[in-house]
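The values are calculated or read from the model by the stated rules, or taken from the named source; none is laboratory data. Worth saying up front: this structure is predicted, and the values here are computed from it rather than measured. Heads up, the Cβs are rebuilt from the backbone with ideal geometry, glycines too, and the neighbour counts pull from every protein chain shown. Quick note on the areas: whole protein, heavy atoms, side chains included, nothing else; ligands and nucleic acids left out. Shrake-Rupley method; radii C 1.70, N 1.55, O 1.52, S 1.80 Å.
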Amino acid sequence: MADAHAEHGEVQIDESLKTHVCSGGQFFGVYIALLFLTIVTVGVSYFDFGDFNMLIAMAIASCKAALVMAIFMHLRWDTPINNIAFIGSLIFLSLLFLFTVADFSTRSDMEPVHGIPAEVNNAFDWKSK
Amino acid sequence: MSHAVLETPTPSGGNFRPHKVAHHFTSAVQEFQSLKLAFWLFLVTEVMLFGGLFAGYYIYHEQYLETFVACGKLLNRELGSLNTIILLTSSWTMAMGVRACQRSKQREMINWLWLTVLCACGFMVVKYFEYTAKFDHGVFPGSFFAPDETYAPFFEGLLHPNIFFSFYFTMTGIHGFHVLLGIFAILWLIWQGGKGRFHAGFSAPVDLIGLYWHIVDLIWIFLFPLLYLVP
């Protein structure tokens with residue numbers, strides 16, 4: 001009965017779906033900004049800022065990532081739940097990095113590991129083959 | 001009790017087909033948002049996949065700093081920069097393709113998508129030249145690492161240079177695999193888009209594959225400086 005009814009096509013038009021559309025200029029502006037930041041990061045890499053090299057490169061990469069996420073990926077106009085899902089993953093990612101960095105940046109010079117058979121210690125040493 | 005079949009408005013122009021909202025959704029908005037949330041969750045797993053690799057890279061980078069700095073200089077910075085520009089361009093063309101779809105511009109959407117595929121193929125071609133330039137000299141990942149006489153002097157006195165190349169090939173390899181999958185996904189969009197399946201009333205597949213494409217770009221944005229510029 002119900003199926004027969006649907007088959008005969010009582011069709012309702014749902015007009016409620018409205019998505020935000022960015023302007024072409026907006027996308028082009030972001031594209032130019034991304035190219036500019038790429039040139040900056042390549043240019044900066046020719047100078048040596050010591051320990052800050054990595055920090056500077058990651059800061060520029062984060063700016064680029066933020067642009068892509070907010071505009072290209074539309075997160076700025078997306079629903080809160082999608083923002084929470086994705087930004088949440090980045091927060092957990094930063095937890096992973098926080099503890100890893102805290103560990104490795106506070107270690108003093110490592111001594112070679114003793115008491116491990118040489119073939120294990122050298123397993124990945126291409127010269128020992 | 002009868003259920004009316006829900007359809008989104010079918011735009012005129014082109015050979016657009018009507019889109020029926022799946023019966024288990026109460027509205028087109030609910031369908032769209034469900035698809036989108038599910039896809040964002042998939043993208044979260046991508047973040048986790050690459051996040052683990054990045055953390056591993058960081059650990060070995062700290063452990064063998066000298067090795068990583070020296071080996072990073074062996075990568076071709078110019079080709080890496082070229083690939084960054086190619087991938088950023090493809091991200092822009094993809095965004096424009098999604099925009100065209102949301103405005104029911106069939107021809108325009110397909111043109112932007114073809115441009116995206118073109119850039120993606122360009123990326124893979126550059127990657128091919130980069131990889132073979134290393135393979136030809138025996139620079140393979142892990143235990144296959146056997147540099148020939150031209151490359152061996154670079155690695156003299158370095159601890160475990162093969163680890164750097166394991167990370168390099170694994171990270172760019174998995175990323176390249178994503179690019180390859182993206183090419184097929186976008187070709188599917190072009191095929192189905194030509195049949196008029198995607199328009200303002202049903203842009204979800206274009207939208208979601210667009211998101212996938214942007215996250216592939218996002219990962220490269222971090223891979224490029226880490227491997228090529230400031231190892």
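Scanning the range B:62-87 for residues that are among the hydrophobic types (A, V, I, L, M, F, W, C), buried (at least 19 other Cβ atoms within 10 Å of the Cβ) and not in a loop (DSSP other than H, G, I, E, B) yields B:68, B:71, B:86, B:87. Residues that are in contact (Cβ under 8 Å) with a residue 60 or more places away in the chain, open to solvent by 30 Å² or more (accessible area, probe 1.4 Å) and over 16 Å from the mean Cα position of the chain (by Cα) are absent from the range B:115-128.
Conditions (1) assigned by TED's automatic domain parsing to the domain that holds residue A:83; (2) part of a loop (DSSP other than H, G, I, E, B); (3) open to solvent by 70 Å² or more (accessible area, probe 1.4 Å); (4) at pLDDT 90 or above, marked per residue:
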{"position": "A:12", "(1), (2), (3), (4)": "no, no, yes, no"}
{"position": "A:15", "(1), (2), (3), (4)": "no, yes, yes, no"}
{"position": "A:27", "(1), (2), (3), (4)": "no, no, no, yes"}
{"position": "A:37", "(1), (2), (3), (4)": "no, no, no, yes"}
{"position": "A:62", "(1), (2), (3), (4)": "no, no, no, yes"}
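Just checking, how many residues over the range B:177-228 are more than 24 Å from residue B:102 (Cβ to Cβ), open to solvent by 10 Å² or more (accessible area, probe 1.4 Å) and facing chain A (nearest Cβ under 9 Å)?
First, the residues of the range B:177-228 that are more than 24 Å from residue B:102 (Cβ to Cβ): B:177-180, B:219-228.
Filter once more, so that each one left must be open to solvent by 10 Å² or more (accessible area, probe 1.4 Å): B:177-178, B:180, B:219, B:222, B:226.
Among the residues that remain, those that are also facing chain A (nearest Cβ under 9 Å) are: B:222, B:226.
Residues meeting the conditions: 2.
Selection of the range A:46-87 for residues being farther than 20 Å from residue B:216 by Cβ and of a type in the set (Ser, Thr, Tyr) yields A:46, A:79. If I filter the range B:4-19 for residues that are among the charged types (D, E, K, R), surrounded by fewer than 21 Cβ atoms within 10 Å (Cβ to Cβ) and farther than 22 Å from residue B:193 by Cβ, do I get at least one hit? No; the residues of the range B:4-19 include none that is among the charged types (D, E, K, R), surrounded by fewer than 21 Cβ atoms within 10 Å (Cβ to Cβ) and farther than 22 Å from residue B:193 by Cβ. Filtered by the rule that a residue be more than 8 Å from every other protein chain (Cβ to nearest Cβ), touching a residue at least 60 places away in the same chain (Cβ under 8 Å) and open to solvent by less than 60 Å² (accessible area, probe 1.4 Å), the range B:26-53 gives B:31, B:39, B:46, B:50, B:53.
Selection of the range B:153-167 for residues being out of contact with any helix residue (DSSP H, G or I) (no Cβ under 6 Å at 6 or more places or on another chain) and open to solvent by less than 10 Å² (accessible area, probe 1.4 Å) yields only B:165. Contact map, the range B:169-195: first residue within 14 Å of residue B:209 (Cβ to Cβ), second residue open to solvent by less than 20 Å² (accessible area, probe 1.4 Å) and polar (S, T, N, Q), Cβ cut-off under 7 Å, separation 6 or more or different chains; pairs are B:186/B:116. Residue B:29 falls short of the stated requirement of being out of contact with any Leu (no Cβ under 6 Å at 6 or more places or on another chain), part of a helix (DSSP H, G or I) and of a type in the set (A, V, I, L, M, F, W, C).
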